[in-house]
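*Asks:* The structure under discussion is supplied below as structure tokens; questions concerning it will follow.
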Amino acid sequence: MTESVLIVGGGASGLAAAITAANNGNRVVLLEKNERVGKKLLVTGNGRCNFGNLSVSDDSYNNNKFVSDVLLRAKEGANKLFEKIGLLSYADPEGRLYPVSETATSVLDCLRFECERAGVEFVTGKTADAVYKRDVGYTVVCGNENLFARKIIIAVGGKAQAPTYNLEKLVENRVIVPYAPSLTPIKVEPLPRALSGLRAKCVASLYKNGKPIRKEKGEVQFKDNSLSGIVILNMSSFIARSKEENGFEISLDLFPHIRFEELLPLLKERYSRFGSQHLMTGMFHNRLADEIKRRAILLDKNDIFGLAAVIKDFRFTVTGLAGFSEAQVMCGGIDTKALKTSLEFRKNEGLYACGEVVDIDGLCGGFNLHWAFSSGIVAGELE
């Protein structure tokens with residue numbers, strides 16, 4: 001049966017929903033607040049658009065049982081969608097998917113062209129102010145204009161990077177999980193300004209009240225008042241979902257390829273050859289080496305044992321998360337308990353939600369865009 005469908009939001013999930021609904025024979029209007037659809041897609045993956053991952057699993061997300069059920073409905077999801085619309089892609093060694101053109105513009109162009117081919121109507125430069133249920137269908141208020149459709153898909157994205165919509169006016173407050181920035185730098189102390197701009201390959205561990213929460217190997221970036229890098233961004237999602245930010249610590253193993261017991265004789269041998277002044281020259285950046293020495297002195301262990309202890313446990317106290325302006329995604333949004341696995345609201349027939357606006361956020365590596373595209377496909381089926 002042909003339906004009139006209005007999709008609120010022209011990002012990744014909204015475009016996927018529009019393509020799916022239109023290709024199933026529905027009349028589709030896509031409403032986007034910006035003058036062009038897909039604006040945020042152009043900056044993903046540093047402009048290369050890491051649009052998915054070959055290693056997607058429900059463990060890559062919070063609310064993973066719900067994610068698993070939705071991804072099962074999407075079948076091959078984003079990967080199959082882009083194959084159908086002509087995007088050539090490749091996977092890097094970590095399974096992250098990119099267009100062979102190495103530019104996000106190619107991804108957006110394929111999505112836009114498929115929308116045009118399928119007959120999707122774009123209404124841009126207009127913001128949805130409110131959604132009201134009618135006896136049949138829904139009314140979407142856009143300033144002085146009212147738009148009607150039998151079915152509505154809410155795909156307005158998250159609050160990361162300065163959005164302009166008000167989700168509370170589109171759905172009931174009681175179905176919204178409080179927001180927090182996720183995949184964002186983590187504020188820590190002590191963090192001397194001398195370390196700002198440095199990078200270190202290490203194993204990072206997150207602790208809550210002394211208990212290990214997550215461990216990941218990778219590169220950590222030292223900023224003015226925070227830590228960043230993929231491993232840190234992934235840890236931020238666990239902090240974002242905690243009801244209490246106090247009690248978190250981050251420990252960096254700055255020499256992870258050997259154990260503490262192996263590091264001690266290495267440092268002793270270097271001390272005998274180079275003396276205390278140049279003991280760590282060639283091991284670490286000199287500014288990082290100076291901070292290691294300073295911390296060892298503060299521990300009153302200005303000896304080989306103390307240096308090894310600091311190198312293997314370079315620890316920080318978490319003081320908070322960087323804001324939405326630095327976040328890649330949003331934690332929170334529409335509660336999954338309010339949705340069926342078809343992404344239709346349980347109490348509002350014909351009203352759907354998909355993408356980042358749903359309380360689903362994943363790790364770095366294309367998982368969030370995979371969710372956006374896959375959930376858009378599922379919502380666009382209008383089941």
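The values are calculated or read from the model by the stated rules, or taken from the named source; none is laboratory data. Just so it is clear, the structure is predicted and the values come from calculations on it, not from any experiment. So basically every Cβ, Gly included, is an ideal-geometry build from the backbone, and we count neighbours across all protein chains shown.
*Asks:* Would you check if K337 is farther than 26 Å from R96 by Cα and in a loop (DSSP other than H, G, I, E, B)? If you could, list the steps in order and put the result at the bottom.
*Replies:* Values: farther than 26 Å from R96 by Cα: yes; in a loop (DSSP other than H, G, I, E, B): no.
Criteria not met by K337.
*Asks:* Would you please name the residue that is surrounded by the most Cβ atoms within 10 Å (Cβ to Cβ), looking only at residues in the range 42-67 that are at negative phi and of a type in the set (A, V, I, L, M, F, W, C)?
*Replies:* My answer is F51.
Results for (1) touching a Cys at 6+ places or on another chain (Cβ under 9 Å); (2) of a type in the set (D, E); (3) under 26 Å from L369 (Cα atoms), shown as yes or no for each residue.
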residue: S276; (1), (2), (3): no, no, no
residue: N286; (1), (2), (3): no, no, no
residue: A296; (1), (2), (3): no, no, no
residue: A309; (1), (2), (3): no, no, no
residue: R315; (1), (2), (3): no, no, no
residue: A322; (1), (2), (3): no, no, yes
residue: E326; (1), (2), (3): no, yes, yes
residue: V329; (1), (2), (3): no, no, yes
residue: K337; (1), (2), (3): no, no, yes
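*Asks:* Are any of the residues in the range 290-297 of a type in the set (D, E), buried (at least 19 other Cβ atoms within 10 Å of the Cβ) and closer than 18 Å to R199 by Cα?
*Replies:* Within the range 290-297, the first condition is being of a type in the set (D, E), and the residues that meet it are 290-291.
The next check asks that each one be buried (at least 19 other Cβ atoms within 10 Å of the Cβ); those that pass are 291.
Applying the additional criterion that residues be closer than 18 Å to R199 by Cα yields 291.
Yes: one or more hits.
*Asks:* Between residues in the range 128-152 that are touching a residue at least 24 places away in the same chain (Cβ under 8 Å) and residues that are among the hydroxyl-bearing types (S, T, Y), which pairs lie under 6 Å by C-beta distance while being six or more apart or on different chains?
*Replies:* V131/Y138; F148/T139; A149/S4; R150/S4; I152/Y138
*Asks:* Of the residues in the range 48-71, how many are over 13 Å from L97 (Cα atoms) and in contact (Cβ under 8 Å) with a residue 12 or more places away in the chain? Show your work before the answer.
*Replies:* Just the residues of the range 48-71 that are over 13 Å from L97 (Cα atoms), to begin with: 57-71.
In the following step, the residues that additionally are in contact (Cβ under 8 Å) with a residue 12 or more places away in the chain were identified as 58, 60-63, 66-67, 69-71.
Total satisfying the criteria: 10.
*Asks:* From (1) touching a residue at least 60 places away in the same chain (Cβ under 8 Å); (2) closer than 21 Å to N26 by Cβ, pick out the condition that doesn't hold for L167.
*Replies:* Only one criterion is unmet by L167, namely (2).
*Asks:* Applying the selection to the range 40-59, what residues are modelled with pLDDT of 90 or more, touching a strand residue (DSSP E or B) at 6+ places or on another chain (Cβ under 8 Å) and not in a loop (DSSP other than H, G, I, E, B)?
*Replies:* G52, N53
*Asks:* Which members of the range 1-26 meet the condition of being free of Cβ contacts under 8 Å to residues at least 40 places away in the same chain and in contact with a strand residue (DSSP E or B) (Cβ under 7 Å, 6 or more places away or on another chain)? Please lay out each step first, then the result.
*Replies:* First, the residues of the range 1-26 that are free of Cβ contacts under 8 Å to residues at least 40 places away in the same chain: 1-2, 25.
Listed by number, the list holds a single entry, T2.
*Asks:* Checking L266 against (1) surrounded by fewer than 21 Cβ atoms within 10 Å (Cβ to Cβ); (2) in the same structural domain as K169 (by TED's automatic domain parsing): exactly one of these is not met. Which one?
*Replies:* The single condition L266 does not satisfy is (2).
*Asks:* Which numbered condition trips up E121, out of (1) at pLDDT below 95; (2) touching a strand residue (DSSP E or B) at 6+ places or on another chain (Cβ under 6 Å); (3) within 27 Å of E344 (Cβ to Cβ); (4) surrounded by fewer than 22 Cβ atoms within 10 Å (Cβ to Cβ)?
*Replies:* It is condition (1) that E121 fails.
*Asks:* Here is a list: I176, I186. Which entry is among the aliphatic types (A, V, I, L, M), modelled with pLDDT of 90 or more and out of contact with any Ser or Thr (no Cβ under 6 Å at 6 or more places or on another chain)? Before the answer, list the steps.
*Replies:* On the way: I186 fails: out of contact with any Ser or Thr (no Cβ under 6 Å at 6 or more places or on another chain).
After ruling out the rest, the residue left standing is I176.
*Asks:* Are there any pairs, at least 6 apart or on different chains, whose C-beta atoms fall under 7 Å, with the first in the range 174-201 and more than 19 Å from E291 (Cβ to Cβ) and the second aromatic (F, W, Y) and in a strand (DSSP E or B), and if so, which?
*Replies:* Pairs found: none.
*Asks:* A further question follows. In the range 85-110, how many residues are in a helix (DSSP H, G or I) and either without any contact (Cβ under 8 Å) to a residue 12 or more places away in the chain or in the same structural domain as L233 (by TED's automatic domain parsing) (or both)?
*Replies:* Applying the first criterion (in a helix (DSSP H, G or I)) to the range 85-110 yields 104-110.
From what is left, the residues that are either without any contact (Cβ under 8 Å) to a residue 12 or more places away in the chain or in the same structural domain as L233 (by TED's automatic domain parsing) (or both) are 109.
Number satisfying all stated conditions: 1.
*Asks:* Follow-up. Identify the residue in the range 126-170 that is closer than 16 Å to D359 by Cα and modelled with pLDDT of 90 or more and, among all such residues, is farthest from the chain's Cα centre (by Cα). Can you show your working first?
*Replies:* Kept after step one, since they are closer than 16 Å to D359 by Cα, are these residues of the range 126-170: 153-160, 166-168, 170.
Right, trim to modelled with pLDDT of 90 or more and you get 153-157.
Details: I153: 21, I154: 19, A155: 16, V156: 15, G157: 12 Å.
Looking at the filtered set, the residue picked out is I153.
*Asks:* In this structure, does E326 turn out to be assigned to a loop (DSSP other than H, G, I, E, B) and closer than 30 Å to P93 by Cβ?
*Replies:* Values: assigned to a loop (DSSP other than H, G, I, E, B): yes; closer than 30 Å to P93 by Cβ: yes.
Criteria met by E326.
*Asks:* Which condition number does E168 fail, the rest of (1) under 30 Å from L233 (Cβ atoms); (2) not in a helix (DSSP H, G or I) being met?
*Replies:* (2)
*Asks:* Further question on the same structure: Residue by residue through the range 133-189, note down the ones that are hydroxyl-bearing (S, T, Y), surrounded by 12 or more Cβ atoms within 10 Å (Cβ to Cβ) and within 30 Å of A240 (Cβ to Cβ).
*Replies:* Here is the first cut: in the range 133-189, the residues hydroxyl-bearing (S, T, Y) are 138-139, 164-165, 179, 182, 184.
Filter once more, so that each one left must be surrounded by 12 or more Cβ atoms within 10 Å (Cβ to Cβ): 138-139, 165, 179, 182, 184.
Correct list: Y165, Y179, S182, T184.
*Asks:* Looking at I258, is it β-branched (V, I, T), more than 30 Å from N64 (Cβ to Cβ) and in contact with a Gly (Cβ under 9 Å, 6 or more places away or on another chain)? It would help to see each step written out before you state the result.
*Replies:* On the way: β-branched (V, I, T): yes; more than 30 Å from N64 (Cβ to Cβ): yes; in contact with a Gly (Cβ under 9 Å, 6 or more places away or on another chain): no.
No.
*Asks:* In the set E326, E356, which member is acidic (D, E), within 15 Å of I153 (Cα to Cα) and not assigned by TED's automatic domain parsing to the domain that holds M235? Explain how you work it out, then say what you get.
*Replies:* On the way: E326 fails: within 15 Å of I153 (Cα to Cα).
None of the other options fit; the residue is E356.
*Asks:* Kindly indicate which of S242, S228, S196 is of a type in the set (S, T, Y), closer than 21 Å to E326 by Cα, crowded, with 19+ Cβ neighbours inside 10 Å and not assigned by TED's automatic domain parsing to the domain that holds F367.
*Replies:* S228
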